[in-house]
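Reading through the structure tokens given below for one structure.
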Amino acid sequence: MDCIFCKIVAGSVPSFKVYEDTAALAFMDINPLAEGHTLVIPKQHGANLWEIGEDSLRDTVAAARTVALGMKTALGLDSLNLVQANGPWALQSVNHLHFHLVPRRENDGVPLDWGLSPGNRDQIKAVADRIAAALQAGP
């Protein structure tokens, strides 16, 4: 497999590890948006949220919380973004599920803000109904 994150898990590509357990690994992003920008990944390969196993996802989210608590203490944070992207149009850069933990500070200039633009409530309800129906129908 030619997955850079799988290579990091295997130890064949170096990283600055901050946390590891049996299911997840956290390491520093080498292209950080902010000081302390950390990635948390499952050790099990899954390209995205749709493909990852439920247990692996649960364990990775728990690891992300553990790392976020450590970051809060170590970096004196009161704000943090948890970012996860799926697919090319969401700007997923590595096809291995991963969470970005991005420390935030007042006026930090990190480009993770978007303005609020009210949507059409009828269209929003129609989409909500379609999603709810798909969930009731099951996989």
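Assorted remarks:
- Qualifying residue in the range 37-46 (condition: aliphatic (A, V, I, L, M), in a loop (DSSP other than H, G, I, E, B) and either modelled with pLDDT of 95 or more or surrounded by 14 or more Cβ atoms within 10 Å (Cβ to Cβ) (or both)): no
- Any chance R105 is outside any helix (DSSP H, G or I) and either touching a helix residue (DSSP H, G or I) at 6+ places or on another chain (Cβ under 8 Å) or farther than 17 Å from F27 by Cα (or both): yes
- Within the set G53, G46, G76, G87, the sole residue that is among the small types (G, A, S), more than 26 Å from P111 (Cβ to Cβ) and without any contact (Cβ under 8 Å) to a residue 40 or more places away in the chain turns out to be G53.
- A single member of A62, A23 is without any contact (Cβ under 8 Å) to a residue 40 or more places away in the chain and among the small types (G, A, S), and it is A62.
- One residue stands out among those in the range 1-11 that are over 14 Å from the mean Cα position of the chain (by Cα) and assigned to a helix (DSSP H, G or I): the one that is surrounded by the fewest Cβ atoms within 10 Å (Cβ to Cβ), which is A10.
- Test: residue in the range 12-28 that is among the hydrophobic types (A, V, I, L, M, F, W, C), part of a loop (DSSP other than H, G, I, E, B) and under 30 Å from L135 (Cα atoms): yes
The values are calculated or read from the model by the stated rules, or taken from the named source; none is laboratory data. Keep in mind the model is a prediction, meaning the values are calculated, not measured. Backbone-built Cβ (ideal geometry, glycine too); neighbour counts: all protein chains shown.
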